[in-house]
Amino acid sequence: MSDIPIGPTATARQQRLETADGTPLKSALARASRRQKLRALALVAPLALFIIVTFVLPIGQMLLRSVNNTQFSDNMPALVQWFAENPPGIDPDEAAFAALVSDLRNGAAQRTVGSVGTRINYEVPGTRSLFTATARRAADLEPPYREALLEVNSDWAREDIWAAMRGASQAYTANFYLAAVDRKRDLDGNIVQSDPQNRVYVQLFLRTFMLSGVITLICLLLGFPVAHLLATLPLRKSNLLMILVLLPFWTSLLVRTTSWIVLLQGQGVVNNVLVALGVIGDDGRLALMYNQAGTIIAMTHVLLPFMILPLYSVMKTIPPSYARAARSLGATSWTTFRRIYLPQTIPGIGAGSILVFILAMGYYITPALVGGATGQLISNQIAFHMQNSLNWSLAAALAALLLGAVLLLYWVYDRLVGIDNMKLG
Amino acid sequence: MVRAGHDDGFVVFDHVQKSYDGETLVVKDLDLSIGKGEFLTMLGPSGSGKTTCLMMLAGFETATHGDIRLAGRPINHIPPHRRGIGMVFQNYALFPHMTVGENLSFPLEVRRMSRSDREAKVMRALDMVQMGQFVNRRPAQLSGGQQQRIALARALVFEPELVLMDEPLGALDKQLREHMQFEIKHLHDRLGVTVVYVTHDQGEALTMSDRIAVFNDGRIQQLAPPQVLYERPDNSFVAQFIGENNRLEGVVEQLGPDRCTVRLTNGEIIDAAPVNVRGAGERTVISIRPERVEFMPERLPPGAHTLEAEVLEFIYMGDMFRTRLRVAGSDNFVIKSRNSAGQARLRPGETLRIGWLAEDCRALDAA
Ligand SMILES: Nc1ncnc2c1ncn2[C@@H]1O[C@H](COP(=O)(O)OP(=O)(O)OP(=O)(O)O)[C@@H](O)[C@H]1O
Ligand SMILES: [Mg+2]
């Protein structure tokens, strides 16, 4: 170690510097740079605001909704209070049934019972009508309420329904995440697998990962040579090629996807040509659509430019003299590719792959149109819960898991390659 | 003529032509024979086809016509990686994702050399260019001159018999360039390797080469050792391209075997050595180096023709004086004189008589 004072020690010993009019140099500098910072801040403020309103807030909302659901707790106050006073393990007594009836009466009057029934229906399928039907008759019920309710429908004695109601009485719950990974709580509150007919999401997540991986790989294999051509062809030809690569961007996604339907369906162009050429028989037409093959083909086409462009931007910066140097040093063209060219394109491969993979995982419209039953991705389930089943909390939980997976991917990538090495163009 | 070795046809260009577009010839009928161990420089203006020749030799471009032979073997159809030719590129082309050591080890790895041999050779090559302590650096962490040395070491580490260098010093500043010229020359002398060197810096060509091939317009204008090239240029392009040169136009009056007299445009007559003039009455350009012009009458041989000259400009350059004169209608006639004791300092407006030894003044083609 050197004993010459360096850094802060040395500056501290220095005499305090002042500007010409006597203000300390430090505060003058701070004032000057503060003004600059404020001006810069004012310039980015609209964008920051836009991002907060359109990005940060919705995602925050989504994350909140995935753990918070007040459909039951807000509309069943009496029962919620009974649950609060009676810890788990105590069987519902007459007071509980009385609370239930009073809440159902209110629900019927204020038309909130459907929402309550829906909430319990998430946990115990087929119970929504139990709530709505009972609510219609709740006004006529006489004590003792337990017997009265059981007379209306004996399901009111079911332990699983009461357990579900106890769970739903808490606004904050992890149950939607459990459901998103095909898990539920049993009557004792232990986490167990969902019923076999309800186990769909884990498989769907796996399929989404698998298909995204396959699509990414195909995009890489198809895109790499194209990007290389783009980077090395003479300007006029490469410009033409670039237009061809970008052409899909100028066509509506819907139009492109439907044109794939025209091409790939059973009576479509591809099958007709193959039959006409005698490659396949008329009864052996290939199922290229409404299955995973359809999803893979159409999505590869849609996402290919997102692979090509980052690759191209990296390859363009690799001078051809590297390859020449390697060849002159005795490397075959394959060795030159493997040892010299490929390693230098890794930032582009990483960026392109991550981009395509992430876009593929969240893709919705193409699998919806050409995926059939087996080519659906997790995003189609999210859309289903947003639009059809209206189970927004589950949709939010699924989406949050997807987001988590993407972040995890970034982290892994950063560990392996380094985010700084990523080049998007 | 050749300092190292003799011209045994180690590298031969045999009537080589090259066209990129099928319309124009970039290299026109190149005949060139390079001896083993020779340091040959291709010198010429931009676009004259030097790099193209080098690329054909290295195997990155194919000759449109003609044969290229290496050690007697035609190599037209041998791919670059099997030619065993070392190459130094202008931008060094060091692999950025490898350390210095890995860069040097690469040619040895592809030759399937054992690890211990590789390490020994890499260290020897690095020591050769005094870069031993940089073995673990990346190229981006080196200065331009250091990268240049590594590129040199990499081209030599697998002990090729022929090394090609395409303007290897082009990106360096003047001082470093001169230093590296010396080092490259030194390495060449020590290793006895054959070097084909491309540059458009004539100073570099003159100081380093055994022979220089002056290129212009796809042809070799003259192939000769530096001294011959400078002192006895074959044609007016070479005279003009190499070094500083004074040209005067005129017509041949009398042509003898080793003397001719030339009538300049203003009617004055001077003596010259005929180089490529064919007969009396032909138009010619005479060429004379500034340092060979005499203006002290007592240093001229008796009876030599002299010319009237008017001083236009006198430039003090430290070790030299450079004087621009108006001679026979030309405003660009330059003479140089050493700053020695008693040397006259000419003043603008002064008139004097200049002359030269007939053998220093060459009558060339009028092109
Ligand atoms: N790949 C190519 N395609 C078409 N023309 C080319 C190509 N490479 C070189 N040329 C042309 O061939 C001629 C000779 O080029 P070359 O690179 O050999 O010149 P050079 O003597 O090395 O010049 P410089 O000193 O500028 O490097 C030039 O007119 C150039 O435009
Ligand atoms: Mg060149």
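The values are calculated or read from the model by the stated rules, or taken from the named source; none is laboratory data. Source: prediction; values computed, not measured. A quick note on method: Cβ atoms are made from the backbone with ideal geometry, for glycine too, and the neighbour counts reach across all protein chains shown. Please note that ligands, DNA and RNA were not included when accessible areas were found on the heavy atoms of the full protein model with its side chains. Shrake-Rupley method; radii C 1.70, N 1.55, O 1.52, S 1.80 Å.
Structural remarks
- Criterion applied to B:Pro74, B:Pro96 was being of a type outside the set (Phe, Trp, Tyr) and within 14 Å of another protein chain (Cβ to nearest Cβ), and the one residue passing it is B:Pro96.
- Boolean, A:Val356 is more than 11 Å from every other protein chain (Cβ to nearest Cβ) and either in a loop (DSSP other than H, G, I, E, B) or open to solvent by 40 Å² or more (accessible area, probe 1.4 Å) (or both): no
- Top-ranked residue of region A:304-332 - restricted to ones that are more than 8 Å from chain B (Cβ to nearest Cβ) and among the small types (Gly, Ala, Ser), ranked as surrounded by the most Cβ atoms within 10 Å (Cβ to Cβ): A:Ala323
- Residue that is under 29 Å from the mean Cα position of the chain (by Cα) and over 21 Å from A:Ile340 (Cα atoms), where the choices are B:Ala125, B:Ala155: B:Ala125
- Evaluated against (1) among the hydroxyl-bearing types (Ser, Thr, Tyr); (2) within 16 Å of ligand 2 (Cβ to nearest atom); (3) closer than 18 Å to B:Ile75 by Cα, B:Tyr20 falls short on exactly one condition, (3).
- Some residue of region B:43-52 being away from every other protein chain (no Cβ under 14 Å), more than 16 Å from ligand 2 (Cβ to nearest atom) and more than 23 Å from A:Gly330 (Cα to Cα): no
- Residue match in region B:193-202 (condition: open to solvent by 20 Å² or more (accessible area, probe 1.4 Å), away from ligand 2 (no atom under 16 Å from the Cβ) and not in a helix (DSSP H, G or I)): no
- Test: residue in region A:336-348 that is more than 14 Å from chain B (Cβ to nearest Cβ) and of a type in the set (Phe, Trp, Tyr): no
- The single condition among (1) open to solvent by 10 Å² or more (accessible area, probe 1.4 Å); (2) modelled with pLDDT under 90 that B:Leu307 does not meet is (1).
- Considering region B:1-112, there are no qualifying strands (runs of 3 or more DSSP E) wholly inside with 2 or more residues that are under 27 Å from A:Val314 (Cβ atoms), of a type in the set (Lys, Arg) and away from ligand 1 (no atom under 14 Å from the Cβ).
- Of all the criteria given as (1) more than 14 Å from chain B (Cβ to nearest Cβ); (2) in a helix (DSSP H, G or I); (3) without any contact (Cβ under 8 Å) to a residue 12 or more places away in the chain, the one not satisfied by A:Val279 is (2).
- Entirely in region A:9-116, the helices (runs of 4 or more DSSP H) that have 1 or more residues that are aromatic (Phe, Trp, Tyr), touching a residue at least 12 places away in the same chain (Cβ under 8 Å) and more than 27 Å from A:Ala180 (Cβ to Cβ): A:77-85, A:94-110
- Positions within region B:321-353 being assigned to a loop (DSSP other than H, G, I, E, B) and either over 33 Å from the mean Cα position of the chain (by Cα) or under 14 Å from B:Leu248 (Cα atoms) (or both), in sequence order: B:Ala328, B:Gly329, B:Ala341, B:Gly342, B:Ala344, B:Arg345, B:Leu346, B:Arg347, B:Pro348, B:Gly349, B:Glu350
- Some residue of region B:53-64 being crowded, with 23+ Cβ neighbours inside 10 Å and among the aliphatic types (A, V, I, L, M): yes
- Residues of region A:366-402 classified as surrounded by 15 or more Cβ atoms within 10 Å (Cβ to Cβ) and in a helix (DSSP H, G or I), total: 25
- Among the residues making up region B:149-169, those that are open to solvent by less than 10 Å² (accessible area, probe 1.4 Å), away from chain A (no Cβ under 11 Å) and in contact with a strand residue (DSSP E or B) (Cβ under 8 Å, 6 or more places away or on another chain) are B:Leu152, B:Met165, B:Pro168, B:Leu169.
- Residue that is surrounded by fewer than 16 Cβ atoms within 10 Å (Cβ to Cβ), out of contact with any Leu (no Cβ under 8 Å at 6 or more places or on another chain) and away from every other protein chain (no Cβ under 11 Å), where the choices are B:Arg138, B:Arg111, B:Arg124: B:Arg124
- Boolean, B:Gln148 is assigned to a helix (DSSP H, G or I) and either free of Cβ contacts under 8 Å to residues at least 12 places away in the same chain or within 16 Å of ligand 1 (Cβ to nearest atom) (or both): no
- Candidate set: region A:240-256, residues that are free of Cβ contacts under 8 Å to residues at least 60 places away in the same chain and farther than 17 Å from A:Phe306 by Cα; chosen: the one surrounded by the fewest Cβ atoms within 10 Å (Cβ to Cβ): A:Val255
- Within region B:203-219, restricting attention to residues that are surrounded by fewer than 22 Cβ atoms within 10 Å (Cβ to Cβ) and in a strand (DSSP E or B), the residue that is farthest from ligand 1 (Cβ to nearest atom) is B:Arg219.
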